[in-house]
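**Q** Got a structure for you, written out below as structure tokens; questions coming shortly.
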Amino acid sequence: MTYLRYAPDIEKPDSDEQKTIDGIIAGMTQQSETVERREHHAVRASHAKSSACVTGELTIATGLPPELAQGLFATPGTHPVAVRFAQGPGETLGDRVSTHRGMSIKVFDVPGEKLPGHAVDTQDFVLATGTTFPSGTAAGFLRDGTVIGKSTGLPEGVKSAVSSTMRNLNRALHAFGTESALADFFGHPYSHPLADSYFSQAPVRYGDYVAKLGAVPSTDSQRALSEWRLDPHQDEDGFRHATVAFFRENEVVFELKAQLWADAERQPIEDASVDWPVSVSPYRTVATLRLPRQDAYSPDRVRYFDEVMTFRPAHSLAAHQPLGSVMRARLQVYRALSDFRHRENGVAAEDSAGIDRIPA
């Protein structure tokens, strides 16, 4: 198969994109201010409620073909990692409001040219459930973010009802062999966080090529969780409790996969709402993420992950530069909202340089 090459001109920003990004930052900052007034603490503007804060290793596969042996993945070896699993909303809600989930990975000991403003030897991958980002573009991000922002002040019961409606919609659509990415974004099943797969949703540079990334559970014990479902009426923090309990007894392993860009029409760079067909280019394993048995929610570690640590698409090798409209927005939005959160809480942000910074 022939894969398309990266070149700077594959990105096509709109002429007014910066105005759109400024609008996203303003709207999400206002949303964060609303949440801070209610919770008396500033939290992440998305993926606020963590379910596990863990460490482990990422092992780059040996013998990768040239198109996959790129950037971080060009050299076989093992890197320390820190991984944060979290629920989707930018506020601390009960688990009956089950929306998309996040999996943020920080890979340490990664030398090489970095994006401007990133000065330590790390590579972040910020992943979420769902192979696409429903908003599609920065303009869609602003539109959908405005709706979410206006709903932030609503009672939790209303948010639970919306989440339930969206889950039921996808349940009905599954009978016809399809589903809505937007419905899943707002109404994800009550599935186990360690049985879910996570994706970059939007493309990144992949050395000489371009790819979307995914992390897929790979142990029998994780796959055995596929039918597990939380009863949120029994435990409003059940995703966390289930994840921590699993880590107490089991190793967790994900296969990190790359889906290379091969068709500019069917795999657009600028619209993250379009699913790249696996018939055009399948996800192929490039590394193994291994997270050993551990205390996944120790107080000191949770405070460091949730209050101090930063995970951003901008924390990247130049060889894995985020691409497309949504990613260009994220480069600025994540920084602005992190600055707001740390400033409001009186906490110094840290672009953690080494695994030794992570508390036990």
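The values are calculated or read from the model by the stated rules, or taken from the named source; none is laboratory data. Because the structure is a prediction, the values reported are computed rather than measured. Here the Cβ positions follow ideal geometry from the backbone for every residue, glycine too, while neighbour counts run over all protein chains shown. Areas reflect the complete protein model, heavy atoms only, side chains present, ligands, DNA and RNA absent. Shrake-Rupley method; radii C 1.70, N 1.55, O 1.52, S 1.80 Å.
**Q** Taking amide H atoms as placed 1.01 Å from N in the peptide plane, list the residues 5 or more away in sequence, or in a different chain, whose amide H sits under 5 Å from that of Ser51.
**A** Correct list: Phe85, Ala86, Gln87.
**Q** Taking a threshold of 20 Å on the Cα-Cα distance, which of the pairs Lys106/Lys212; Lys12/Lys212; Lys49/Lys106; Lys19/Lys212; Lys212/Lys257 fall above it?
**A** Numbers: Lys106/Lys212 17 Å; Lys12/Lys212 18 Å; Lys49/Lys106 18 Å; Lys19/Lys212 27 Å; Lys212/Lys257 8 Å.
In this structure, Lys19/Lys212 lie more than 20 Å apart at Cα.
**Q** Tell me what the chain gives for mean residue ellipticity at 222 nm when only DSSP H runs of n ≥ 4 count, each as -39,500 (n - 2.57), the sum divided by the residue total, rounded to 500 deg cm²/dmol.
**A** Details: 8 runs with 104 residues, N = 360.
Counting only the DSSP helices, I get -9000 deg cm²/dmol.
**Q** Have a look at Thr2, Ala348, Gly238 and report the one farthest towards the positive end of the charge dipole of the chain, computed about the Cα centre with Cβ charges (Lys/Arg +1, Asp/Glu -1).
**A** Of the listed residues, the answer is Gly238.
**Q** Tell me which of Val280, Thr78, Pro217 sits at the most positive position along the dipole axis of the chain, charges placed on C-beta atoms (Lys, Arg +1; Asp, Glu -1).
**A** Pro217
**Q** For the chain, with all protein chains present and a 1.4 Å probe, just round the carbon and sulfur fraction of the accessible area to a whole percent.
**A** Details: 8020 of 15080 Å².
It is 53 percent, rounded to a whole number.
**Q** For Tyr190 and Thr146, what does the FRET efficiency come to when R0 = 22 Å and r is the distance between their Cβ atoms, rounded to the nearest 0.05?
**A** Working: r = 28 Å, r/R0 = 1.27.
Working from the Cβ atoms, E equals 0.20.
**Q** Can you tell me the relative contact order of the stretch 7-117? Whole percent, Cα pairs under 8 Å, sequence separation 6 or more. Intermediate results must be reported in sequence, preceding the final value.
**A** Details: 142 pairs, mean separation 27.0, N = 111.
About 24 percent, as a whole number.
**Q** So with the 1.4 Å probe, I'd like the accessible area per residue for the chain, rounded to whole Å².
**A** Values: 15080 Å² over 360 residues.
That works out to 42 Å² per residue.
**Q** Estimate the FRET efficiency between Thr178 and Ala224 by the formula 1/(1 + (r/R0)^6), using the beta-carbon distance for r and 30 Å for R0, to the nearest 0.05.
**A** Numbers: r = 27 Å, r/R0 = 0.90.
The computed FRET efficiency comes out at 0.65.
**Q** Using Cα-Cα distances under 8 Å and only pairs 6 or more residues apart, what relative contact order does the chain have, in percent?
**A** Here the relative contact order equals 25 percent.
**Q** What is the set of long-range amide H partners of Leu127 at a cut-off below 5 Å, with H atoms built 1.01 Å from backbone N?
**A** Met103, Ser104, Ile105
**Q** For semi-axes √(5λ) of the Cα gyration tensor in Å, the listed values are (i) 42, 25, 16; (ii) 28, 24, 23; (iii) 33, 25, 20; which was obtained by calculation from the structure presented?
**A** (ii)
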